[in-house]
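Student: Quick one: the structure is below, questions incoming.
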Amino acid sequence: MSGKADREVFMRFRRRISGSARRLWEYLRDYRFSSILLKYFLLLFICLVLPVTLLNMWYGRQQRERIYQEFMKRNEASLAQAYGNVYSVLLSAKNLTYSLSVNSSVKYLASKPSISRDNTYNRESLTEMLSMIKNANAYMDSIYIYFRNSGEVVSDLGVSGYETFQDREALALFSEDMPARNILISRIKKNKYPYLLTVLYPVSISRGISTGLVAVNVDVEKLGDYIGSGQYRNTDDAPRLLIFDEDMETLVYSDEYRLLRDKEETARLKEFRDLTGCFSRVCTLWDSSYVVSGLEAGGDGLKYLYLSPMQEFETQNREADARLRQVTVLTGVICLILAFCLSVWVYRPVKRTLRVLSEVSMLTEWDRKEHVDEIEAIQRSILSAKKENDDLNA
């Protein structure tokens, strides 16, 4: 019984909708584009759609700007993280060079003018300690300690004379009047990659006179693995971390081996050599757009660049635009429905008046075919009725 009642209600509702739609079509057919119903509909539709469209356009612009700012901030944050990791490694190397320079065994050997049996134990224990330190730090290439008086170099591999030592370049900066502070240099060991970051600190047994030099060599290739950047793991659409020397003449570190082999590949980046502090900008490199964030480490004499391709930003923009188009279409459909419902609601009194005039035969075919709107047709009917009434009373 309930099912039959529901069907009857549904059929009544369907007939009502069908009848209303048929009557609306009749009015539109009679008055065509002059119909007030159509005018109401278009006016309401424009009044609803125009503000929504402008709002969506404004929101889309704000969304793109927000994505752009977030992309720039994320690039700067990645650069800051990479810089912090490298800085912590270099700070550890600086602390190590200072600790070794004031080590009792180092000072004892620095005071001896020649090799003798009484300092053999100190040299062996120092070599063993340097080897343990090197093995404990995955990013470390080697550790050297030069003693001027004896002409020896003690490293993690053993003891050798200065003249026969293979990597004298690291010790070439030694002088008796070296300042008691860390010195950081970037260099190539044996004229081939990997590059080294060498931290130096003088050994002094008396104030103002250096009798030795501590050198800690950081392998930047191992450093990349240690800080999580990775060895040559870069792809075309991945960010790139680049570390240059102070003049940006030497590329100390790169995620991509191609940039290390060909200096012309990084020539375009030298335009950033005069920029100081932290900066970000968009530029074209290797026929693609990149966000370049830079940071100058004044104390280390290094410049860090972090490059992120704009492809990800453009992808996010396309996704945001697609969502915005979907929202615009949805709001357009909603505005269409609202405009139709409002226009029908506003048109309802006019429709009733027209029906009354039609029932009393005051609405003529001539009114419908003159392409006038419903209000003018009603006015004509009233004036026509008044004229007829005046003629009858005359």
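The values are calculated or read from the model by the stated rules, or taken from the named source; none is laboratory data. Being a predicted model, the structure only gives us computed values, none of them experimental. Backbone-built Cβ (ideal geometry, glycine too); neighbour counts: all protein chains shown. The accessibility values were calculated without ligands, DNA or RNA, using every heavy atom of the protein model including side chains. Shrake-Rupley method; radii C 1.70, N 1.55, O 1.52, S 1.80 Å.
Student: Just wondering, is there one or more residues in segment 122-137 that are of a type in the set (Val, Ile, Thr) and in contact (Cβ under 8 Å) with a residue 40 or more places away in the chain?
Tutor: Residues of segment 122-137 of a type in the set (Val, Ile, Thr): 127, 133.
After this cut, where a residue has to be in contact (Cβ under 8 Å) with a residue 40 or more places away in the chain as well, the list is none.
Checked segment 122-137: no residue is of a type in the set (Val, Ile, Thr) and in contact (Cβ under 8 Å) with a residue 40 or more places away in the chain.
Student: If the requirement is being under 20 Å from LYS73 (Cα atoms) and among the β-branched types (Val, Ile, Thr), which of these qualifies: THR353, THR315?
Tutor: On the way: THR353 fails: under 20 Å from LYS73 (Cα atoms).
THR315 is the lone residue from the list that is under 20 Å from LYS73 (Cα atoms) and among the β-branched types (Val, Ile, Thr).
Student: Of the conditions (1) modelled with pLDDT of 80 or more; (2) open to solvent by 70 Å² or more (accessible area, probe 1.4 Å); (3) under 21 Å from ILE188 (Cα atoms), LEU305 fails just one. Which one is it?
Tutor: Exception for LEU305: condition (2).
Student: Restricting attention to segment 54-68, which residues are open to solvent by 50 Å² or more (accessible area, probe 1.4 Å) and touching a residue at least 12 places away in the same chain (Cβ under 8 Å)?
Tutor: The first filter runs over segment 54-68 and keeps only residues open to solvent by 50 Å² or more (accessible area, probe 1.4 Å), leaving 54-55, 57-59, 61-62, 64-66, 68.
Result: TYR59, ARG64, TYR68.
Student: Can you run down the residue pairs with Cβ atoms below 8 Å, 6 or more apart or on separate chains, where the first is in segment 311-326 and acidic (Asp, Glu) and the partner is assigned to a helix (DSSP H, G or I) and surrounded by 16 or more Cβ atoms within 10 Å (Cβ to Cβ)?
Tutor: GLU312/PHE71; ASP321/GLY60
Student: May I pose another question? Identify the single condition in (1) of a type in the set (A, V, I, L, M, F, W, C); (2) open to solvent by less than 80 Å² (accessible area, probe 1.4 Å); (3) touching a residue at least 40 places away in the same chain (Cβ under 8 Å) that VAL333 does not satisfy, given that it satisfies every other one.
Tutor: (3)
Student: From the residues in segment 280-302 that are part of a loop (DSSP other than H, G, I, E, B) and open to solvent by 50 Å² or more (accessible area, probe 1.4 Å), which one is nearest to ARG268 (Cα to Cα)?
Tutor: Applying the first criterion (part of a loop (DSSP other than H, G, I, E, B)) to segment 280-302 yields 286-287, 298-301.
Within this subset, residues satisfying the condition of being open to solvent by 50 Å² or more (accessible area, probe 1.4 Å) are 286-287, 298-299.
Working: TRP286: 9, ASP287: 12, GLY298: 22, GLY299: 25 Å.
Applying the filter and picking the extreme gives TRP286.
Student: Could I ask something else about it? Name the residues in segment 197-253 that are open to solvent by 50 Å² or more (accessible area, probe 1.4 Å) and modelled with pLDDT of 80 or more, would you?
Tutor: Residues satisfying the conditions are ILE205, ILE209, LYS222.
Student: Pull out all pairs, ordered by first then second residue, where Cβ-Cβ is under 6 Å, the residues are six or more apart or on different chains, the first lies in segment 199-212 and is free of Cβ contacts under 8 Å to residues at least 12 places away in the same chain, and the second is open to solvent by 50 Å² or more (accessible area, probe 1.4 Å) and not in a strand (DSSP E or B).
Tutor: Pairs found: none.
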